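Structure record follows, encoded as structure tokens.
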Amino acid sequence: MNVSASKENILKKIREALSNSTPLPFPQSEGNQPLYQPLDQEPEVEFAERFTHLQGKFIYCINQQEFAFQLGSLIRKQEWNKVYCLEPALLGSAISQIEDRVNATDLANCDVSITGCECLVARTGSIVMSSAQNSGRTTSVYAPVHVCVAFTRQVVVDLKEAIQLTREKYGNNLPSLISFATGPSRTADIEKTLVVGVHGPKEVYVFLIEG
């Protein structure tokens, strides 16, 4: 009888608690206000600073012609002879300089992969990619070097804006994978020693084209 009485007493207190709503102690923390202060500089500049701080390599191009020159020069300088790219339209006029090096069949043995992106997040220096892109799920992960080609119109301020942009683009048909790549792959799990390139590319380049 004592057990039943104790149980009923506990249930009574629970029912009473549920019948009386408790005001939120910190209403401003429920997503009604922005988490961060506004940027004090252009999003493109913020992204470049954050991205390079994370050991990414950033190249700004004023137009498609400069991009073609810069990309072709980089590929020749780095001696990348096997360039994996499923989106040849991204290469623009640079394709004429490196056509003999580009393929879309041998990701496992390539020197570098080239992809586009959904957007770039200025606040974190992140590249947002999805499985809906022509490059698919694996292109930016398996290659030892990843080159991302983006345009200034794709730069957003923060993660919230990136998610909103993706929802507006795909509606109810969201991609099955949306990834946020923030700099080269790295880990410090082993003896707290930072190792770069363990789970993904050792080097990440972003070409940001005006427009």
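Confirm whether Phe180 is at pLDDT 95 or above, hydrophobic (A, V, I, L, M, F, W, C) and outside any loop (DSSP other than H, G, I, E, B).
Values: at pLDDT 95 or above: no; hydrophobic (A, V, I, L, M, F, W, C): yes; outside any loop (DSSP other than H, G, I, E, B): yes.
No: the conditions fail for Phe180.
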Selection from the stretch 64-122 of residues that are assigned to a loop (DSSP other than H, G, I, E, B), charged (D, E, K, R) and at pLDDT 90 or above: Glu79, Lys82, Asp111, Glu118
Given (1) under 22 Å from Glu42 (Cβ atoms); (2) among the basic types (Lys, Arg); (3) outside any loop (DSSP other than H, G, I, E, B), index of the condition Lys169 fails: (1)
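Could you tell me whether Ala150 is part of a helix (DSSP H, G or I), under 25 Å from Arg50 (Cα atoms), among the small types (Gly, Ala, Ser) and modelled with pLDDT of 85 or more? I'd like the intermediate steps shown before the answer.
Working: part of a helix (DSSP H, G or I): no; under 25 Å from Arg50 (Cα atoms): yes; among the small types (Gly, Ala, Ser): yes; modelled with pLDDT of 85 or more: yes.
Here the answer is no, as Ala150 does not meet what is asked.
Does Gln55 satisfy being in a loop (DSSP other than H, G, I, E, B), out of contact with any Phe, Trp or Tyr (no Cβ under 8 Å at 6 or more places or on another chain) and at pLDDT 85 or above? Reasoning before the result, please.
Details: in a loop (DSSP other than H, G, I, E, B): yes; out of contact with any Phe, Trp or Tyr (no Cβ under 8 Å at 6 or more places or on another chain): yes; at pLDDT 85 or above: yes.
When the stated conditions are applied, Gln55 passes them.
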Pairs, first farther than 11 Å from Ile75 by Cβ in the stretch 97-109, second modelled with pLDDT under 85, C-beta under 7 Å, six or more apart: Leu107/Thr138; Leu107/Thr139; Leu107/Tyr142; Ala108/Tyr142
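Could you please find all residues in the stretch 15-35 being modelled with pLDDT under 70 and part of a loop (DSSP other than H, G, I, E, B)?
First, the residues of the stretch 15-35 that are modelled with pLDDT under 70: 24-35.
Leu24, Pro25, Phe26, Glu30, Gly31, Asn32, Gln33, Pro34, Leu35, listed by residue number.
From the list Leu177, Leu165, Leu91, Leu86, which residue is on the phi < 0 side of the Ramachandran plot and touching a Lys or Arg at 6+ places or on another chain (Cβ under 8 Å)? Outline the logic, then answer.
Working: Leu165 fails: touching a Lys or Arg at 6+ places or on another chain (Cβ under 8 Å); Leu91 fails: touching a Lys or Arg at 6+ places or on another chain (Cβ under 8 Å); Leu86 fails: touching a Lys or Arg at 6+ places or on another chain (Cβ under 8 Å).
The unique qualifying residue is Leu177.
The values are calculated or read from the model by the stated rules, or taken from the named source; none is laboratory data. Quick caveat, the model's predicted, so the values are computed rather than measured. Cβ atoms come from the backbone with ideal geometry, glycine included; neighbour counts cover every protein chain shown.
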